[in-house]
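Colleague: The structure that follows is given in the form of structure tokens.
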Amino acid sequence: MGSILRFRKLSYLAPVKLHTEKKVEQEKKAVDFPNPCFSPEPTKRAPSPPVRRSGGKEWRCMDNCCWMIGFLCTTWWLCLFLFNCLPATLPGFQVPESPGVRLKREGLTALHPVVMVPGIVTGGLELWEGKPCAEDLFRKRLWGGGFTEIFRRPLCWLEHLSLDNETGLDPPGIRVRAVPGLVAADYFGPGYFVWAVLIENLAKIGYEGKNLYMAAYDWRLSFQNTEIRDQALSRLKSKIELMYVTNGYKKVVVVPHSMGVVYFLHFLKWVETPPPVGGGGGSGWCSKHIKAVMNIGPTFLGVPKTVSNLFSGEAKDVAFLRAMDPGVLDSEMLGLQTVEHLLRAGRTWDSIVSLLPKGGETIWGNLDWSPEENHACDLSKRKPLGERNSTDGNAKRSGLKEPVKYGRMISFGKAAAELPSSLFPSLDPKDILVAQTTTKKNSTSSCSEVRTEYDEMNREIIRKIAENKAYTARTVLDLLRAVAPKMMKRAEAHFSHGIADNLDDPKYTQHYKYWSNPLETKLPDAPDMEIYCLYGVGIPTERSYVYKQSPSSRCKSIPFRIDSSVNGDRGESCLRGGVNFVDGDESVPVLSAGFMCAKGWRGRTRFNPSGASTYVREYRHKPPASLLEGRGAESGAHVDIMGNVGLIEDVMRVAAGATGLEIGGDRIHSDIVRMSDRINIRL
Amino acid sequence: MPTLRRRKPADSDKPTTSAPSDDARGGGGGTTGRGEEEEEEDYEQDADNSKRKKNNNKRRRKKKAAAAAAAAASADNKHPALPSEEEEDGRKHHRKRSKWSCVDNCCWFVGCVCLTWWVLLFLYNAMPASFPQYVTEAITGPSPDPPGVKLKKEGLKAKHPVVFVPGIVTAGLELWEGHQCAEGLFRKRLWGGTFGEVYKRPLCWTEHMSLDNETGLDPPGIRVRPVSGLVAADYFAPGYFVWAVLIANLARIGYEEKTMYMASYDWRLSFQNTEVRDQTLSRTKSNIELMVATNGGNKAVIIPHSMGVLYFLHFMKWVEAPAPMGGGGGPDWCAKHIKAVINIGGPFLGVPKAVTGLFSAEARDIAVVRALTPGFLDNDIFRLQTLQHIMKMSRTWDSTMSMIPRGGDTIWGDLDWSPEDGYSPSKRGQKNNETDIKNQDGSDSKPSQTAKAHYGRIISFGKEVAEAPSSEIERIDFRDALKGKNVANSTCRDVWTEYHDMGFGGINACAEYKAYTAGSIVDLLRFVAPKMMDRGSCHFSYGIADDLDDPKYNHYKYWSNPLETKLPNAPDMEIFSMYGVGIPTERAYVYRLSPSAECYIPFQIDTSAVGEDKDSCLKDGVYTVDGDETVPALSAGYMCAKGWRGKTRFNPSGIRTYIREYDHSPPANLLEGRGTQSGAHVDIMGNFALIEDVMRVAAGDSGDDLGGDRVYSDIFKWSEKIKLKL
């Protein structure tokens, strides 16, 4: 930076010299004119200014400005220079040793090739073909990196990032593709690491380009479409095979993050399925090529946040969208446009549907029951696991404390969120669907600019939706089908959210839409493969929402929004700002991340017929102690966990050859075992 | 920039915070004026006027008192200050005049610069993107459509997957593990990009860019690896395109990441070592297979550039060779996977420039090094260190040895004869008539030319030697000469090159041999740099095969030499040789001994040697012939023009070959940048005609559809003169 500045200065010396000479001339000419900038002075000093003015050397407004800026710039450069001269480590500030250095000293070296599968949002996207408004952006990043284009041409940007509403593929004339290579997701924005810390640590023990691969894919597409359009799955298969061979027939360790976890689940099924739909690797492919799958922040059973995102565009950061432009989205003034536009663009992305809660009421709870009830929201005051277990059984029935009804994913009004289910007016959301088809839309043409599917809906239906009061994980899907019929129709050809009754039903192996749902697929026949669930705990995570109807009925607005005025009665309530919180990593609730490893796949179950061993590794969130630490080395947040020292060490040990038992087996801080036990699912 | 702007508001608080105290005193009025005045005083203390200093001190003391009382009574407060002002009124004039102290002036100036810069930046950003193009078109008239747009209109579509093989120097290298001094450079580019580190820590940089002198692999504790993906070589430095133009044009007809692959490799290593260390060849093989499979079985079109041509030649042999040494693809792998190899500026038979690069580090831009640091390298003050360091570094790069001229005297000519004899730069224009005449005259006409250039003498010591007939040159064989004692004392250790192991005797012996042809050049290098050549001779060979069926040619060191390998058995494959012509290209050198031999490279090009008439090819000690500024046309074209033409022993399956030459025409004005009709070695990657040819082949055309050969130079005539068993 410093050198650039200095260069800049040099290169502009000559023209500016001319410029200043001119300026002096101009000043001489302008002497007689009263300068409006010249500040009025006390009368005693009044006589002197004219005399001084004639000299031509005068402090005027312009000069003052120049002087100021010059002063600032010089100081800035000086500081910058000093900063560059500074030794890398300040004497007082002890930099903690990175796990890479420590493990290298322990003698760890690169053994198994590592494949990284990035999640939603974190992968970069670049433009390959665009409309005239994006002319000079060829092979520039539209997503990831500086995001400068959002501010310069927001509509153009959104247009290019949207997919076709019918096919879920490229709109005509636009090709936006995933950035390949490690750069795809090492940093999301400048300085905002995602995989960079892990890569750097792995490099310390000898990893490099040949045994480190970033399986970048277009995260907007449904998983099967990444293969149809970009052959991303074939490419991943070929890369894994190549790395397996060129690294002395060492199996690979796969490290997927966030949505990449479900993507890789899809891959595991795809690769063993015969060619027309699948990769034709044969049934032994996974056991031959894969040593371990280390899922970081897995979204196995979906993320409740997705529901609110799709329903009203109020994604309170699907990953960190909000972190990027906090004010813009939430601001009421701009909100009118921004949220609607984002909702429209986001609804063309099929992949989001893969994050809807899976398993329905069995997993996520019904109107009265949920696996997480009795969960203490104030995480700092939590008692150790053993003490609470005693009160566990009877707390629900005792009536001392009415449990939070997490099962009601969306409820309209606070009352609906807390009332017992018997008092509900019951209305099957399927009725809404029927009503939808009979009454024709009456959207006004003026809304066409930001048309979301809400504009095509009747006011009547909107009212009915709100009347239904509460929706569970199962009925929420019906609700979405009602409010966004096109999207759900498109996406449900690619994703399924149920639980399989009979896994041997041929439909489950033949159709790709089941492959990314762990509750509707069997794990591959690979008894030696290890599956890890690594995730953070200790951060309140969105679980269910209290909604209200938007006051304004203008055509452009989204008719529902989270009722942020709703708060819990007591201080320690989980309900804050219209959102019910549970334990998790800020994006994914513990239940979704941990259930499969803690129970669904534990031992030999029908989902895991070959008995691949599973491990749950939780990392308790600890916010950074000081600003100097940046995002913290012990964070448990969904993305920041990628910099968690404990997690990095675990990944490195496994990559260097350790097994799950050798790194210590399970490591559990949350109630995941208890919650899982409460879920009544046939295994 | 953004950081700077962000910082500004935070800083600008400072001056305003100083204002309140004045506010209280001045009663709200001219706050800014007085506020500034006080700040100025702080600066005026720097001035050495003692009188004024005293005054200032006085005033400051008073001011302090005033400031203390300021909170209590603001109205009365003015009075203590006023007398002082009146008192000083006389001096004030004096002071005001010299108010613009040096520091102020500087600040003011810097402020102006910054402001102008910001205004310009703002204007630039606010400017519509098409503005530069508009200006260009207004001056030069409408520019032709880029080939991508033109061919898209014609209806061309992406068909065959495309593989790029970058050449030497143009691909980026990044750091994966380094010594202490390279802290913070993890995964930053050491080569390519801005080269910021060269200036910031040059010694550290050369240390990391060097390879191990013994093994030709990584030195301990350092891992520098090629950048992967299209970004590896799309731009070499910011704004200096290599593949970017071609990529952009291919994208117009539908190419994207899945159908384009940049086979980037560590260009410092010998070709086989890229496989040994990085498995680069395996990776390329796997990627070609994948792309062919996922693109409906359409074979790949390979586009190597510069040294990439040799690299891919090596690859084609490697991939078909059996597993331990080769890729085990079987004898018909190339036939199954490759549609065409489009060699751009390929140094098939080597580059004379590589010799000087190794001999005295005077590589007159193997690609663009000189363009980046023009004055720096040639500068006499710096050369003591720079050149030696660069030489030491580049001698550890095995790959440079792949470019030493191959084929010896048979190809490059001996003391008296060379295939390019009679070439004259000024005659190129009307060459067609003359070449016919000369062809008839044959060799008889040659002696009549008085100042004929002896291109065959690639290195000659002294201009006289370069021009004298061979019978007059007295040569003393250097091969057995004693190298003498080590002349280097310990002070030279940090810039150690192998010259320091040689005594004066050895150096003189080199010079006494007077003239070196392509054949003896290899011996010379072996003499002056034994370690490097020992290492290199395990990986490269420069001869001509007598019997290609000899099993020894299965060794990988022959694979990158087109004169010692057979092309693969792939009759449907096509080989193109595309290169620029019309630029004087280095072909032979006149050398002299350096005046001082201590810590110096003992030889250097005798830049004072210039031909008598302006027609001469000798300039600054360098004989030039037709070529693309780096590769002589002979090297780039001979194999396709003759060596592989038809069914020869080098091309047993009769693969069709085509020559496409592009006549250099420099950019008409500065606005055109590096030109769309350039024929220069790297700039040709932006040549519209070449891009169009490449795109047509990628979209499915055969060489005959393109129009077969397209020749401007005398390549066919020269090729005929070379007597090589085919």
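The values are calculated or read from the model by the stated rules, or taken from the named source; none is laboratory data. Please read these numbers as outputs of a predicted model, since none were measured by experiment. Ideal geometry is used to build each Cβ from the backbone, glycine not excepted, and the neighbour counts take in all protein chains shown.
Colleague: Can you give me the ranges of the strands (runs of 3 or more DSSP E) entirely in the stretch B:566-628 with at least 2 residues that are at pLDDT 85 or above?
Modeller: Values: elements: B:574-581, B:583-593, B:603-605, B:622-627.
So the answer is B:574-581, B:583-593, B:622-627.
Colleague: What is the one condition in (1) out of contact with any Phe, Trp or Tyr (no Cβ under 7 Å at 6 or more places or on another chain); (2) of a type outside the set (Lys, Arg); (3) at the interface with chain A (Cβ under 8 Å from one of its Cβ atoms) that residue B:251 does not satisfy?
Modeller: (1)
Colleague: Name the residue, out of A:273, A:226, that is without any contact (Cβ under 8 Å) to a residue 40 or more places away in the chain and polar (S, T, N, Q). Break it down into steps so the answer makes sense when it comes.
Modeller: On the way: A:273 fails: without any contact (Cβ under 8 Å) to a residue 40 or more places away in the chain.
Result of the check over A:273, A:226: A:226.
Colleague: On to the next question. Residue A:172 is checked against (1) assigned to a strand (DSSP E or B); (2) more than 27 Å from residue A:115 (Cβ to Cβ) and fails just one. What number does that condition carry?
Modeller: Status for residue A:172: all satisfied but (1).
Colleague: So in the stretch A:134-145, with the set limited to residues that are in a helix (DSSP H, G or I) and free of Cβ contacts under 8 Å to residues at least 24 places away in the same chain, which one is farthest from the other protein chains (Cβ to nearest Cβ)?
Modeller: Residues of the stretch A:134-145 that are in a helix (DSSP H, G or I), as a first pass: A:134-137.
Remaining after also requiring free of Cβ contacts under 8 Å to residues at least 24 places away in the same chain: A:135-137.
On the way: A:135: 6, A:136: 5, A:137: 9 Å.
Checking each candidate, the answer is A:137.
Colleague: Follow-up. Got a sec? Which of B:239, B:329, B:254 is without any contact (Cβ under 8 Å) to a residue 60 or more places away in the chain and over 24 Å from the mean Cα position of the chain (by Cα)? Explain how you work it out, then say what you get.
Modeller: On the way: B:239 fails: over 24 Å from the mean Cα position of the chain (by Cα); B:254 fails: without any contact (Cβ under 8 Å) to a residue 60 or more places away in the chain.
The conditions single out B:329.
Colleague: Spot the failing condition for residue B:270; the list is (1) under 17 Å from residue B:556 (Cα atoms); (2) within 11 Å of chain A (Cβ to nearest Cβ), and only one is missed.
Modeller: All conditions pass for residue B:270, except number (2).
Colleague: Out of the residues in the stretch B:199-229 meeting the condition of being without any contact (Cβ under 8 Å) to a residue 40 or more places away in the chain and part of a helix (DSSP H, G or I), tell me which one is farthest from the other protein chains (Cβ to nearest Cβ).
Modeller: B:207
Colleague: Restricted to the stretch A:197-216, and to residues that are touching a strand residue (DSSP E or B) at 6+ places or on another chain (Cβ under 6 Å) and more than 8 Å from chain B (Cβ to nearest Cβ), which residue is surrounded by the fewest Cβ atoms within 10 Å (Cβ to Cβ)?
Modeller: Of the residues in the stretch A:197-216, the ones touching a strand residue (DSSP E or B) at 6+ places or on another chain (Cβ under 6 Å) are A:200, A:203, A:208-209, A:212-216.
Filter again for more than 8 Å from chain B (Cβ to nearest Cβ), leaving A:212-216.
Values: A:212: 21, A:213: 23, A:214: 23, A:215: 26, A:216: 28.
In this case the residue turns out to be A:212.
Colleague: Can you tell which of A:123, A:119 is part of a loop (DSSP other than H, G, I, E, B), within 14 Å of chain B (Cβ to nearest Cβ) and not hydrophobic (A, V, I, L, M, F, W, C)?
Modeller: Details: A:119 fails: within 14 Å of chain B (Cβ to nearest Cβ).
Answer to the check: A:123.
Colleague: So, residue A:168, is that one in contact with an Asp or Glu (Cβ under 6 Å, 6 or more places away or on another chain), more than 10 Å from every other protein chain (Cβ to nearest Cβ) and either touching a residue at least 24 places away in the same chain (Cβ under 8 Å) or surrounded by fewer than 18 Cβ atoms within 10 Å (Cβ to Cβ) (or both) or not? Before you say what the answer is, go through the steps one by one.
Modeller: Working: in contact with an Asp or Glu (Cβ under 6 Å, 6 or more places away or on another chain): yes; more than 10 Å from every other protein chain (Cβ to nearest Cβ): yes; either touching a residue at least 24 places away in the same chain (Cβ under 8 Å) or surrounded by fewer than 18 Cβ atoms within 10 Å (Cβ to Cβ) (or both): yes.
Yes.
Colleague: How many residues does the stretch A:236-270 hold that are in contact with a Lys or Arg (Cβ under 7 Å, 6 or more places away or on another chain) and without any contact (Cβ under 8 Å) to a residue 24 or more places away in the chain? Before the answer, list the steps.
Modeller: Here is the first cut: in the stretch A:236-270, the residues in contact with a Lys or Arg (Cβ under 7 Å, 6 or more places away or on another chain) are A:242, A:244, A:246, A:251-253.
Now restrict to residues that are without any contact (Cβ under 8 Å) to a residue 24 or more places away in the chain: A:242.
So the count comes out to 1.
Colleague: Residue B:177 passes all but one of (1) more than 26 Å from residue A:202 (Cα to Cα); (2) of a type in the set (D, E, K, R); (3) within 11 Å of chain A (Cβ to nearest Cβ); (4) out of contact with any His (no Cβ under 8 Å at 6 or more places or on another chain); which number fails?
Modeller: Evaluating residue B:177 over (1) more than 26 Å from residue A:202 (Cα to Cα); (2) of a type in the set (D, E, K, R); (3) within 11 Å of chain A (Cβ to nearest Cβ); (4) out of contact with any His (no Cβ under 8 Å at 6 or more places or on another chain) leaves (1) as the failure.
Colleague: Further question on the same structure: Testing residue B:258 on (1) more than 14 Å from every other protein chain (Cβ to nearest Cβ); (2) assigned to a helix (DSSP H, G or I); (3) among the basic types (Lys, Arg), one condition comes back false. Which one is that?
Modeller: (1)
Colleague: Take the conditions in contact (Cβ under 8 Å) with a residue 24 or more places away in the chain and farther than 21 Å from residue A:310 by Cβ and apply them to residue A:535. Does it pass? Lay out the reasoning, then the answer.
Modeller: Working: in contact (Cβ under 8 Å) with a residue 24 or more places away in the chain: yes; farther than 21 Å from residue A:310 by Cβ: yes.
Here the answer is yes, as residue A:535 does meet what is asked.
Colleague: What pairs can you find where one residue is in the stretch A:202-214 and closer than 20 Å to residue B:275 by Cα, the other is surrounded by 21 or more Cβ atoms within 10 Å (Cβ to Cβ) and of a type in the set (Gly, Ala, Ser), and their Cβ atoms are less than 7 Å apart, with a gap of 6+ or different chains?
Modeller: Listed pairs, sorted by first residue: A:206/A:110; A:207/A:110; A:209/B:228; A:211/A:110.
Colleague: Could you please find all residues in the stretch A:185-196 being touching a Phe, Trp or Tyr at 6+ places or on another chain (Cβ under 9 Å) and either more than 9 Å from chain B (Cβ to nearest Cβ) or over 24 Å from residue A:140 (Cβ atoms) (or both)? Reasoning before the result, please.
Modeller: So in the stretch A:185-196, the residues touching a Phe, Trp or Tyr at 6+ places or on another chain (Cβ under 9 Å) come out as A:185-189, A:192-196.
Of everything in the stretch A:185-196, those that are touching a Phe, Trp or Tyr at 6+ places or on another chain (Cβ under 9 Å) and either more than 9 Å from chain B (Cβ to nearest Cβ) or over 24 Å from residue A:140 (Cβ atoms) (or both) turn out to be A:185, A:187, A:188, A:189, A:192, A:193, A:194, A:195.
Colleague: Here's a follow-up. Looking at (1) modelled with pLDDT of 75 or more; (2) outside any loop (DSSP other than H, G, I, E, B), which one does residue A:561 not meet, given that it meets all the others?
Modeller: If we test residue A:561 against (1) modelled with pLDDT of 75 or more; (2) outside any loop (DSSP other than H, G, I, E, B), just (1) comes out false.
Colleague: Give the number of residues within the stretch B:675-726 that are surrounded by fewer than 19 Cβ atoms within 10 Å (Cβ to Cβ), part of a loop (DSSP other than H, G, I, E, B) and without any contact (Cβ under 8 Å) to a residue 24 or more places away in the chain.
Modeller: 2
Colleague: Among the residues of the stretch B:242-268, how many are of a type in the set (A, V, I, L, M, F, W, C) and more than 24 Å from residue B:397 (Cβ to Cβ)?
Modeller: Keep residues of the stretch B:242-268 that are of a type in the set (A, V, I, L, M, F, W, C), which gives B:242-248, B:250-251, B:253, B:260, B:262-263, B:267.
Subset that is more than 24 Å from residue B:397 (Cβ to Cβ): B:244-248, B:250-251, B:253, B:260.
Counting residues in the stretch B:242-268 that are of a type in the set (A, V, I, L, M, F, W, C) and more than 24 Å from residue B:397 (Cβ to Cβ) gives 9.
Colleague: While we're here: Among the numbered criteria (1) more than 8 Å from chain A (Cβ to nearest Cβ); (2) in contact with a helix residue (DSSP H, G or I) (Cβ under 7 Å, 6 or more places away or on another chain); (3) modelled with pLDDT of 80 or more, which single criterion is violated by residue B:101?
Modeller: Of the numbered conditions (1) more than 8 Å from chain A (Cβ to nearest Cβ); (2) in contact with a helix residue (DSSP H, G or I) (Cβ under 7 Å, 6 or more places away or on another chain); (3) modelled with pLDDT of 80 or more, the odd one out for residue B:101 is (3).
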